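The values are calculated or read from the model by the stated rules, or taken from the named source; none is laboratory data. Every value quoted in this text rests on a predicted model; they were computed, and no experiment measured them. Don't worry about glycine lacking a Cβ; one is built from the backbone with ideal geometry, like all the others, and counts go over all protein chains shown. Accessible surface areas use protein heavy atoms only, side chains included; no ligands, DNA or RNA. Shrake-Rupley method; radii C 1.70, N 1.55, O 1.52, S 1.80 Å.
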Amino acid sequence: MPRADRTAGEVLHAATLRGELDGVLEPAAELPPAWAELIACEHALATGAPEPSAAVHEPDAPGAWLLALFRIRTRVTGLRTGPLPAAPPHPIAGPLAHAWSALAEGVPFTGDLTAAATLARRDEWPALAVECAALAALLAARDGDPRAALVHARRASRMARTESLPQSEYLAGLVLARLRRLTAHPHLAGRILASLRALAPPHWGPWMEWELVLAGGTGPTTPGATALVHAREAASSADSAGMHAALAAAAQATQGFQLLVADARAVEAMLTPDAETTPEDERPFAAFAGDAYVLCSPDGPGRRIRAVALPFVDAARVDGGEGRGKRIATLAAVLGLAGGALAEDECFERVYGFAYVPEMHRGSFDVLLHRARAALEGHARVEREGDRVTMTIARPFVVPDPRMVEPAEARILRAIASGNETARDIAAATDLSLRQTQMLLKSLADEGECAAEKRGRAMLYRVEDTTFSEPTRAIRGDRNTPVADDR
């Protein structure tokens, strides 16, 4: 904060936000009560110490608006339950507090974060400007605009890095990781979260580990993330009661942050074959739930389910197999999801991925329909009726949807992001052959999706996010001294 008219409280608070923690508590004790409590709280957050007991301050007391925002923000990000404190009547902190409340309670946000961000920049509150961008990202993603959300998340990450504000970097990095996962890049989310987890204080652990599990990571220790892992394990062993109990525990552990409760509900819908609704886009949870299948039934349109839900499905398994069989499976999945009938040109385009030209494609399509009839015999009858293709289902069956299978390249990138550096380790983590892994790694490195570095005789691989930069502060000794670390 370079302005010369800053008060002593503002100057000391700014130093605390920059990670300059040595010797701040003693002079802070001489400040007005709200400033003193705020700096003590920020210090506790950064060092992992217990947060001081909250006192009541007049809304217009110096520093009170920042303290009120701190209490609301940390209540939500720490996944703590209970009523949120009242939002402060301040043009910057007020909209931020209302945004956190909207995310915590799962209600619409009607404030103006753009105006708050403008004021934060004008009045030189960089941490609040970063927070505005991070909250704008979370709200946009929640409300169905992931593209805009990613723009906000990248801006927040860059601003936090430029200003060298540790807690802002943790918040912005965590939001960016969530957006990478929501936009189907779980390996980048895993890379960001692994970096943050090594430095961030315990307060950020529950949310970070939640995101890490959904991105395909392992090793959680916090209740919500552990419950997600238990849900997956229960689903894999066909323990329906255990799965639902674990997901209920996951929702309970995050009930103070409805944004995360919605994640648990989306996962449950994906793993429950008879759920009334499923996520419109399942890609954000693909690393958790596995490959996709379509449950085809004579009772109505089919529905997509995930691999971990297969044990709960009372239906025959029809596997199209490799090569041509994948096209048969795709045809069955397409017709099943469409309710059993589609116009010929639309059916072809959904199966093959390009427009249907009868003069060129009818012969190949006829061959596919003939093979599908043989493969689905006893389960369904596939016919062409005029310009329509129909599938009449005799009894329920499940067929893989090759369009939704996680590519081997994506599995490799997630394995690298999880800390596997050599081709041999990556092959073991992905259940791919060493030769196939080596070929795919070369292709990914050539395309810039991962970086390859020769170290001695070994070739090591890593993935990097083009926006995220690993925090350069480590804590030494009493955790109060920022250390330059230019890795």
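The figures follow:
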| read-out | value |
| --- | --- |
| Heavy-atom accessible area ranking, 1.4 Å probe, most first, across Phe354, Phe468 | Phe354, Phe468 |
| Label-to-label distance, nm, for residues given as Ala262 and Glu421 (7 Å Cα→Cβ offset) | 3.9 |
| Simple Cβ-charge dipole of segment 1-134, Lys/Arg +1 and Asp/Glu -1, about Cα centre, in debye nearest 20 | 400 |
| Debye, to nearest 20: dipole size of the chain, +1 on Lys, Arg Cβ, -1 on Asp, Glu Cβ | 1120 |
| Carbon plus sulfur fraction of accessible area for segment 182-254, probe 1.4 Å, in percent | 59 |
| Residue (of Leu413, Ala136, Ala46) at the positive-pole extreme of the chain, dipole from beta-carbon charges | Leu413 |
| Prolate/oblate/rounded call for segment 1-95, Cα gyration tensor, a/c under 1.5 rounded | oblate |
| Å² per residue, accessible surface of the chain at 1.4 Å | 46 |
| FRET efficiency for Asp145 and Ala29, using Cβ-Cβ distance with R0 set to 35 Å, rounded to 0.05 | 0.15 |
| For segment 97-181: rounded, prolate or oblate by the Cα gyration tensor [a/c cutoff 1.5] | oblate |
| Segment 97-143 - charge dipole about Cα centre, Lys and Arg +1 at Cβ, Asp and Glu -1, debye rounded to 20 | 80 |
| Solvent-free Debye scattering, log10 I(q)/I(0), computed from the Cα coordinates of the chain at q = 0.05, 0.13 Å⁻¹ | -0.24, -1.21 |
| For q = 0.24, 0.32 Å⁻¹, Debye-computed log10 I/I(0) when each Cα of segment 59-105 counts as one equal scatterer | -0.78, -1.23 |
| Length released on extending from Glu409 to Val357, taking residue separation times 0.36 nm less the Cα-Cα span | 15.5 nm |
| Sequence of Tyr352, Tyr170 when ordered by accessible area, the most exposed leading, probe 1.4 angstrom | Tyr352, Tyr170 |
| Residue-count net charge about Gln436 - beta-carbon cut-off 12 Å; Lys, Arg +1, Asp, Glu -1 | +1 |
| Simple label model, 7 Å out from Cα along Cβ direction - Thr81 to Arg122, nm | 4.2 |
| Label point distance in nm, Val107-Asp446, each placed 7 Å from Cα along Cα→Cβ | 5.6 |
| Accessible-area composition of segment 1-130, carbon plus sulfur, in percent [1.4 Å probe] | 58 |
| Formal net charge of residues neighbouring Ala251 (Cβ-Cβ distance under 14 Å; K, R +1; D, E -1) | -1 |
| Potential lengthening between Thr392 and Val11 on full extension [0.36 nm per residue; Cα-Cα distance subtracted] | 129.8 nm |
| Heavy-atom accessible area ranking, 1.4 Å probe, most first, across Glu124, Glu421, Glu169, Glu385 | Glu385, Glu421, Glu124, Glu169 |
